[in-house]
Amino acid sequence: MDIVSVLSTTVLVTTIATLVMAIAAYFAYKLKEWRKPRSSGGDKIVSNEVIKPIFLKRHMLVDSALKEHDVDD
Amino acid sequence: MTFVFSSGTDNWYSSLYDYISTFPIVTTLVDYLTIFMVILVLRYVFLIIFSYLEHLDNIRKNELQAIEGKTTPESENRLPFISIVVPAYNEGKIIQTAIRSLFKLDYPHFEVVIVDDGSTDDTYERAREMIKESDRCEVTVIKKSNAGKANALNTGMAHAKGSFILNMDGDTKLSRNTLRDCIRHFDDPKIGAVAGNVKVVNRDNMITQVQALEYVEGLAISRKAQSYNRIVNIIPGPLGMFRKSALWQVRGYDDDTFAEDCDLTLKLLLEGWHIIYEPMAIAWVETPSHITNLLKQRYRWTRGILQAIRKHAWTLKQPHKAGANAIIIGYMLFESLICPISNVLASIFLVWLSIKSGVTILLALWWLQLSILDVMTAAYCVIIEKEDTMLIVYALIFRVFYQLLVDVAKILASIEELIGTKMNWGKLEREGKL
């Protein structure tokens, strides 16, 4: 085999291997996510929920939000 | 069908052309890929031209500042007060390093607001310990129940006293000159935000080295080109400085996407604020060192960006603004969806054609032309950014391995976004290498 053939074959094999690895890694990640306990820690599911806009209402923090926050200066 | 691994040195082109001509869909695909390649090359050319102009502009500004910028006590007093907001969720391993980097910042008046977003580790305790260490600035630590990064940032910003706010991540270390280099741009009242330069700190394996190259290229070319036109399309989470009035105008961060930084940037741009990039303000970050973590990160980014695009698509119907908005949103769509689809499609098609026709050289030529482009681009970026020259070597595997890997994840994430699959934030584990 000449150098061009070696290069061509290497690129072909690498491309196929990467495509397979990408799909396998993706499904491995999805499987890991699926197995994880749903109620754990701080992961927050947002998609498909009713989105409640939370934002900068500075005055809100003074009356309601500050009560639940433990503020240390 | 004869299956031969062959470079087809004897008139392979005409035999392949004859073979391709027998399939109408294949000829269509070849035409599409040719057009895509031309667009890709043009994209590189335009980005490099604009980024180089921006680079020259930066040199000119820095020279001007060096001449005029002698600091006096009066000039130091005139500098505006800046609030640094640091949201943190389970960043116990590195929160102290990140905060210590803030104490070393070269700026006379600033405060640090740390928001512990309901961490389950010792982030809060470790952050509180830093209050005693600070003799440079006021440090505020806020503990709240977990409600996501957007909410944590908004809480921090609501407590911020400065007219300018620097938002960063809890796993980020800033360069000493960050505040000075960012704040100087706000002399222009049209500037709503300044995006910082993000660099990879944990360059200890192939995956992180290639990401380092990706960051260097993305910032030195795309971000600089966007900055020249004042339409930087993502203010990165690790480092972005904002005019408080601009943030208040767009009501800060929303929590309805998984890319709150992209969403906020779009809101600012669509409101007419200018956003630029400051290459001297550097945030050092840890990047994923394993493939699954990398895919997890890109999965979230892709879905987040698509959510942000979909959320703001209505602005395309706005009278008088539709053209400008279409450029901003169209460019993001091209980068996040069209490019990955075309790249993966090209690879699958060329693999299929190689196996089917037995002529493998076509795939090698596709890789070669893109790799020449990648290596030249990498060399340009490494020189401009004064980066490690070894990064250029990684440009050779960038296209055939890394880009393909990430693009497959982007496509699968896009499909999931399209069909509305539920997702969670997917917090990355830190190694504490900051």
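A few points about this structure:
- Candidate set: region B:107-126, residues that are buried (at least 24 other Cβ atoms within 10 Å of the Cβ) and either of a type in the set (Asp, Glu) or assigned to a helix (DSSP H, G or I) (or both); chosen: the one nearest to the other protein chains (Cβ to nearest Cβ): B:ASP117
- When the helices (runs of 4 or more DSSP H) confined to region B:318-434 are screened for residues that are within 14 Å of chain A (Cβ to nearest Cβ), free of Cβ contacts under 8 Å to residues at least 60 places away in the same chain and not charged (D, E, K, R), those reaching at least 2 such residues are found at B:339-357, B:361-385, B:404-419.
- First in region A:24-43 and over 21 Å from B:GLY148 (Cβ atoms), second anywhere and modelled with pLDDT under 85, Cβ under 6 Å, 6 or more apart: none
- Sole residue being surrounded by 15 or more Cβ atoms within 10 Å (Cβ to Cβ), modelled with pLDDT under 90, among the aliphatic types (A, V, I, L, M) and in contact with a strand residue (DSSP E or B) (Cβ under 9 Å, 6 or more places away or on another chain), chosen from B:ILE275, B:ILE328, B:ILE291: B:ILE328
- Single condition B:ARG78 does not satisfy, out of (1) over 23 Å from the mean Cα position of the chain (by Cα); (2) surrounded by 14 or more Cβ atoms within 10 Å (Cβ to Cβ): (2)
- All of B:LYS199, B:LYS224 fail the test of being among the basic types (Lys, Arg), part of a strand (DSSP E or B) and touching a residue at least 24 places away in the same chain (Cβ under 8 Å), apart from B:LYS199.
- In region B:31-75, the residues that are under 21 Å from the mean Cα position of the chain (by Cα) and either outside any helix (DSSP H, G or I) or under 20 Å from B:VAL194 (Cα atoms) (or both): B:LEU47, B:PHE50, B:SER51, B:TYR52, B:LEU53, B:GLU54, B:HIS55, B:ASN58
- Of the set (1) within 15 Å of B:ALA98 (Cβ to Cβ); (2) out of contact with any helix residue (DSSP H, G or I) (no Cβ under 6 Å at 6 or more places or on another chain); (3) of a type outside the set (A, V, I, L, M); (4) modelled with pLDDT of 90 or more, all apply to B:ARG126 but (2).
- If the condition is being more than 7 Å from every other protein chain (Cβ to nearest Cβ) and either in contact (Cβ under 8 Å) with a residue 40 or more places away in the chain or within 17 Å of B:TYR402 (Cα to Cα) (or both), then region A:1-20 contributes A:THR10, A:VAL13, A:ALA17, A:VAL20.
- Note on region B:44-60: among residues that are in contact (Cβ under 8 Å) with a residue 60 or more places away in the chain and either among the small types (Gly, Ala, Ser) or farther than 30 Å from B:SER371 by Cβ (or both), the one that is surrounded by the most Cβ atoms within 10 Å (Cβ to Cβ) is B:SER51.
- Counting only residues that are within 14 Å of chain A (Cβ to nearest Cβ) and surrounded by 20 or more Cβ atoms within 10 Å (Cβ to Cβ), region B:308-317 holds 1 of them.
- Residues that are closer than 20 Å to B:ILE291 by Cα and either touching a Cys at 6+ places or on another chain (Cβ under 7 Å) or not β-branched (Val, Ile, Thr) (or both) do occur in region B:191-202.
- The residue that is farthest from the chain's Cα centre (by Cα), among those in region B:127-144 that are within 7 Å of chain A (Cβ to nearest Cβ) and farther than 26 Å from B:LEU79 by Cβ, is B:ARG128.
One line per residue, one yes/no per condition, for (1) more than 25 Å from A:VAL13 (Cα to Cα); (2) within 18 Å of the chain's Cα centre (by Cα); (3) surrounded by fewer than 17 Cβ atoms within 10 Å (Cβ to Cβ):
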| position | (1), (2), (3) |
| --- | --- |
| B:LYS321 | yes, no, yes |
| B:PHE334 | yes, yes, yes |
| B:ALA346 | no, no, no |
| B:LEU362 | no, no, no |
| B:MET376 | no, no, yes |
| B:ASP388 | yes, no, yes |
| B:LEU396 | no, no, yes |
| B:VAL406 | no, yes, no |
| B:GLY420 | yes, no, yes |
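The values are calculated or read from the model by the stated rules, or taken from the named source; none is laboratory data. Computed from a predicted model, the values in this text were never measured in an experiment. As a convention, Cβ positions derive from the backbone with ideal geometry for all residues, glycine included, and neighbour counts pool all protein chains shown.
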